[in-house]
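A short write-up of the structure that comes next.
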Amino acid sequence: MAEERAQRRLAAIVAADVVGYSRLMEQDEADTFERLRAHRKELFEPEIAKHRGRIFKLMGDGLLAEFGSVVDAVECAVILQRDMAARNTGIAYDRRIDMRIGINLGDVIVEGDDRHGEGVNIAARLQGLAEPGGICISDQVHAAVSGKLDLSVEDGGEHQVKNIARPVRIWRWHPAGRTAAAGSDAPLPLPERPSIVILPFDNMSGDVEQTYFSDGITEDIITDLSKIAGLFVIARNSAFTYKGRAVKVQDVSRELGVRYVLEGGVRKAGNRVRITTQLIDGQTGGHVWAERYDRELTDIFALQDEVTQKIVAALSLKLPRDERQRIEGRGTEVVGAYDYLLRGRQQMQLFTKAGNTEARLMFERAITLDPNFATAVAGLAKTHMFDYVNDWSETPDRSLETAYELASRAVALDDKNPEVHNVLGIVLHWMKDLDRAIAALERALALDPNYAHAHASLGYTLYYAREPERSLHFLEQAVRLDPHHPDQFLHFLGLTYFALGRLDEAIAVLERRLIRNPNTDVSRVLLASIYGHVGRHEEARQFWEQALKVNPAYSLEHRRRILPYRDLADFDRIVDGLHKAGLAV
């Protein structure tokens, strides 16, 4: 046993490989081999040795290296990728040698000059999750280098990887020079107006089932502040990526490009609720103010208003009367209806058929308690819309009709609620009524200029309406307000770049979407079309075949029928790219 223990040790493992190696070898085997050999001899081997690492395995398209220091491993990887980018300057896109790098910190088994074990296996899997020119690190690596390196990384969430039983949490470093939509390792610039992120309030009740309540309070404060035109507010989606994580406020400020960070906690017990809050300057780490509120649960709406007003005062914001009224409007005075709304939101955010069904039940109960609760009516409309979009309904056309009826009712109940206009706009989008959809979404943004999801919805509706320049503007706004945005944003950016003829940028964002969502069929089809248009037919065929593996039922005719194109010539251009690649579609 002692001998076995001596053969195991903790090490940082770097795994690197070449993107598109088979394609490069097929194009020019001798040239590819010589250029790879030069990169290895002139860059990889000396740089790894300089950082006290050792290559223990060479493959035709990559290598594995061991480092005693995880800081050395990460520093070395960043230098390698930056130097590779410089070496690719002036080289045609289809001849560039781009590397992907994965780094893990874990136990390895030493066997002579070779290394084995889970620590090595995870590094190899992380390499496959890195984008071209990028680095993917495990959560253990991120924790080990946090505060020791000035490294800007993006939380990639948890991934189930091959031959590893537990999910692996990953972090991504993106190469410099990408568009803002595709990610960058440079800090986001601060907006000209005061900027803030509200981090998810901690559930202090000791009962995990009460998390829906603390999450709901957070979300409503975000929504209230978002309605203020003179304030820049990070979207809920990005704020909630920090949920349950111990983070430095300065890191959050830098990653999201905001000046202020609000933290807090919620304790709900019986008919009492306690909320603690503290506003922090993300640039200095200094506290602006801290407050504790103890109230009856029936005072929850007034309490939220008080927290919002405190932030407004601290940031010296002057609110016009209409903004002040929109913030103070809760939509209901019935605490029970509000509680069911929060429970419904929690279920809807699972994005599953079962969660959607449970959310519908919660929204229906909220409406029973308060039939005029517009936000709950809009939530109910969304459940029927999700049934239509995700093909969860046996009668999809009826589901869409019901969604429209409910969304219209929600607008009639509360015309100054941005959420109801956003829901109506999306429903109209799927009904192919693009002009009315655009009007509804513009109304949502007039009421809530920080509404990232409405920016995105308007952006992709404008794409289908043949207005790609305006589409790009709103999509870029959505990405800035939601830096950890859903991967769907990347697909619509790709479509818009495609419509504008900016094909390299389309490829970049679509490849990044594949990394974040390996199960997307539509982005693979769009990539296949773009590669067909630029003459890279082998890659077009590969992406088309991958799309059919992901979704054997994928149908261009089905997409042509349901997508709301104002002019089907735009869809035909996608099909034309597939034809150019010689694909029988």
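The values are calculated or read from the model by the stated rules, or taken from the named source; none is laboratory data. Quantities reported herein were computed from a predicted structural model and do not represent experimental measurements. Because the Cβ atoms are built from the backbone with ideal geometry, glycine has one as well, and the counts that use them run over all protein chains shown.
Would you be able to say whether some residue in the stretch 84-93 is in contact with a strand residue (DSSP E or B) (Cβ under 9 Å, 6 or more places away or on another chain), among the aromatic types (Phe, Trp, Tyr) and touching a residue at least 12 places away in the same chain (Cβ under 8 Å)? Scanning the stretch 84-93, I find no residue that is in contact with a strand residue (DSSP E or B) (Cβ under 9 Å, 6 or more places away or on another chain), among the aromatic types (Phe, Trp, Tyr) and touching a residue at least 12 places away in the same chain (Cβ under 8 Å), so the answer is no. Scanning the stretch 510-523 for residues that are surrounded by 14 or more Cβ atoms within 10 Å (Cβ to Cβ) and either modelled with pLDDT of 90 or more or out of contact with any Ser or Thr (no Cβ under 8 Å at 6 or more places or on another chain) (or both) turns up Leu510, Glu511, Arg512, Ile515, Arg516, Thr520, Asp521, Val522, Ser523.
Applying the set (1) under 27 Å from Arg536 (Cα atoms); (2) buried (at least 16 other Cβ atoms within 10 Å of the Cβ); (3) of a type outside the set (Asp, Glu) to Val74 leaves exactly one unmet item: (1). Within the stretch 251-272, being in contact with a strand residue (DSSP E or B) (Cβ under 6 Å, 6 or more places away or on another chain) and assigned to a strand (DSSP E or B) holds for Tyr260, Val261, Leu262, Glu263, Gly264, Gly265, Val266, Arg267. Within the stretch 215-234, identify whether any single residue is at pLDDT 90 or above, within 17 Å of the chain's Cα centre (by Cα) and not acidic (Asp, Glu), and answer yes or no. Taking every residue of the stretch 215-234 in turn, at least one turns out to be at pLDDT 90 or above, within 17 Å of the chain's Cα centre (by Cα) and not acidic (Asp, Glu).
Here are some residues: Leu578, Leu526, Leu583, Leu568. Which one is surrounded by 14 or more Cβ atoms within 10 Å (Cβ to Cβ) and over 18 Å from Ala506 (Cα atoms)? Break it down stepwise before answering.
Details: Leu578 fails: over 18 Å from Ala506 (Cα atoms); Leu526 fails: over 18 Å from Ala506 (Cα atoms); Leu568 fails: surrounded by 14 or more Cβ atoms within 10 Å (Cβ to Cβ).
Step by step, each of Leu578, Leu526, Leu583, Leu568 is checked, and only Leu583 is surrounded by 14 or more Cβ atoms within 10 Å (Cβ to Cβ) and over 18 Å from Ala506 (Cα atoms).
From the list Arg512, Arg524, Arg436, the lone residue that is assigned to a helix (DSSP H, G or I) and assigned by TED's automatic domain parsing to the domain that holds Phe386 is Arg436.
Condition check ((1) in a helix (DSSP H, G or I); (2) in contact with a Ser or Thr (Cβ under 8 Å, 6 or more places away or on another chain); (3) crowded, with 16+ Cβ neighbours inside 10 Å) across all residues:
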residue: Gly285; (1), (2), (3): no, no, no
residue: Glu291; (1), (2), (3): no, yes, no
residue: Arg295; (1), (2), (3): no, no, no
residue: Ala313; (1), (2), (3): yes, no, no
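In this structure, does Asp305 turn out to be farther than 28 Å from Arg272 by Cβ and in the same structural domain as Gly230 (by TED's automatic domain parsing)? No; evaluated as a whole, the condition is false for this residue. In the set (1) in a helix (DSSP H, G or I); (2) modelled with pLDDT of 95 or more, Asp567 fails one condition alone, (1). Checking the structure you have, find out if any residue of the stretch 256-267 is in contact (Cβ under 8 Å) with a residue 60 or more places away in the chain, over 27 Å from Leu350 (Cα atoms) and either buried (at least 22 other Cβ atoms within 10 Å of the Cβ) or among the hydroxyl-bearing types (Ser, Thr, Tyr) (or both). Yes, there is a match, as at least one residue in the stretch 256-267 is in contact (Cβ under 8 Å) with a residue 60 or more places away in the chain, over 27 Å from Leu350 (Cα atoms) and either buried (at least 22 other Cβ atoms within 10 Å of the Cβ) or among the hydroxyl-bearing types (Ser, Thr, Tyr) (or both). The residues in the stretch 35-46 that are surrounded by fewer than 16 Cβ atoms within 10 Å (Cβ to Cβ) and in contact (Cβ under 8 Å) with a residue 60 or more places away in the chain can be counted, and the count is 0. Residues that are touching a Leu at 6+ places or on another chain (Cβ under 7 Å) and buried (at least 23 other Cβ atoms within 10 Å of the Cβ) within the stretch 350-372 comprise Phe363, Ala366, listed in sequence order. Contact map, the stretch 462-476: first residue assigned to a loop (DSSP other than H, G, I, E, B), second residue aliphatic (A, V, I, L, M), Cβ cut-off under 6 Å, separation 6 or more or different chains; pairs are Ala465/Leu434.
I'm checking my understanding of the structure. Among residues of the stretch 86-120 that are over 17 Å from Ala15 (Cα atoms) and touching a helix residue (DSSP H, G or I) at 6+ places or on another chain (Cβ under 8 Å), which one is modelled with the lowest pLDDT? Let's see the steps before the verdict.
From the stretch 86-120, those over 17 Å from Ala15 (Cα atoms) are 86-96, 111-112; that's our starting set.
From what's left, touching a helix residue (DSSP H, G or I) at 6+ places or on another chain (Cβ under 8 Å): 87, 93-95.
Numbers: Arg87: 84, Tyr93: 60, Asp94: 67, Arg95: 78.
Per the stated criteria, the residue is Tyr93.
State whether the residues of the stretch 67-88 include one that is under 19 Å from Cys136 (Cα atoms), assigned to a strand (DSSP E or B) and among the charged types (D, E, K, R). The answer is no, given that none of the residues of the stretch 67-88 is under 19 Å from Cys136 (Cα atoms), assigned to a strand (DSSP E or B) and among the charged types (D, E, K, R). The criterion of at least 2 residues that are surrounded by fewer than 16 Cβ atoms within 10 Å (Cβ to Cβ) and at negative phi is met, among strands (runs of 3 or more DSSP E) falling completely within the stretch 97-164, by 99-111, 114-116. When restricted to residues that are assigned to a helix (DSSP H, G or I), of a type outside the set (Val, Ile, Thr) and within 18 Å of the chain's Cα centre (by Cα), the stretch 235-250 contains 6.
Scanning the stretch 47-66 for residues that are hydrophobic (A, V, I, L, M, F, W, C), outside any strand (DSSP E or B) and without any contact (Cβ under 8 Å) to a residue 24 or more places away in the chain yields a single hit, Ala49.
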